[in-house]
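Scroll down for the structure; my scribbles are underneath it.
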Amino acid sequence: MRVFVTGASGFVGSAVVKELLGAGHQVLGLARSDAAAEAVARAGADVQRGGLEDLDSLKSGAAGADGVIHTAFIHDFSKFAENSQVDKRAIEALGAALAGSNRPLIVTSGTALVAPGRVATEDMLVPDANGIPRVSEQTAQAMAAQGVRAASVRLPPTVHGVGDHGFIPQIIAIAREKGVSAYVGDGQNRWPAVHRLDAAVLYRLILEKAGAEGTWHGVAEQGVPTKEIAEVIARRLGLPLVSKPAEEAAGHFGFLGYFFGLDCPASSDRTQAEFGWRPTGPSLLPDLENAGYFAG
């Protein structure tokens, strides 16, 4: 298949590109900058120049593809609502190019806000009552009514591995700045996790399987207590381990205070059974020790 991948030079997207090429597919990767274009070409993929707000470029890339995997998102949480609308319009553009063809469109979402305090499963819907700005799943579902084979991959808040620039590196940076490694409350709230290479395999399996519409969970570990994450950080940085009350979390962690205090376990049992997906990468805590998180 010829697959159009957005976010092709990103942390997850670059792993998807490598996985697809290794399985014999052709890849056209979206690249916004010269550096991104060089990275995509170096990986062995063709390059489509443009960004998420270049809807003509998105439509062009999708129109010439046998399927689309959408991993790009603007990760500026100070403009989360605005960036979620950019994402919505991008998915609509991709879907418009695929309309009536029954070609696959796989978009990316998250598990964290599906069912806080309970184990999120694939059949649970993102609750509208929460006012969650990101609507990638809902937008993809709307595309299904237009003859698109739409699927959503929910990723956990911790997608880890070499090159990670997500929540965990930010928490490490906060610990360095504050001089303590903190967790919220008793630290027994759980974060699910997956290695980026395992996530990439799942995207490919969904792409390749006819009838794979719906919502799927790219989760390898159901829930790692956040205190255990903070313990590794404290030990590796030689810092005190401390608890922060929930009311002080925002002051210590900034916007991450809410997320790091969230209990958001998630299961991928249905996903693993459907696709025979078996994560084989390192789990989160060993990966923190070995994937360069504390270099420099």
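The values are calculated or read from the model by the stated rules, or taken from the named source; none is laboratory data. Not measured: the values here are computed from a predicted model. Areas reflect the complete protein model, heavy atoms only, side chains present, ligands, DNA and RNA absent. Shrake-Rupley method; radii C 1.70, N 1.55, O 1.52, S 1.80 Å.
Note on the stretch 76-127 and the stretch 34-72: Cα centroid distance 19 Å, given to the nearest whole angstrom. Checking the a/c ratio against 1.5 first, then a/b against b/c, what shape does the Cα gyration tensor give for the stretch 18-111? Taking the square roots of the gyration eigenvalues as a ≥ b ≥ c, the stretch 18-111 is oblate. Reported to the nearest whole Å, the Cα centre-to-centre distance from the stretch 177-194 to the stretch 262-279 is 23. Dividing the mean sequence gap of close Cα pairs (under 8 Å, 6+ apart) by how many residues the chain holds gives a relative contact order of 19 percent. Compared with the direct C-alpha span, the chain from GLU177 to PHE80 gains 32.5 nm at full extension, assuming 0.36 nm per residue.
Which shape class, rounded, prolate or oblate, goes with the chain when its Cα gyration tensor gives a ≥ b ≥ c as root eigenvalues, a/c under 1.5 marks rounded, and past that a/b bigger than b/c marks prolate? Verdict is prolate for the chain. Using a probe radius of 1.4 angstrom, the carbon and sulfur fraction of the accessible surface of the chain is 49%. The mean accessible area for residues of the chain, using a 1.4 Å probe and ignoring ligands and nucleic acids, is 41 Å² per residue.
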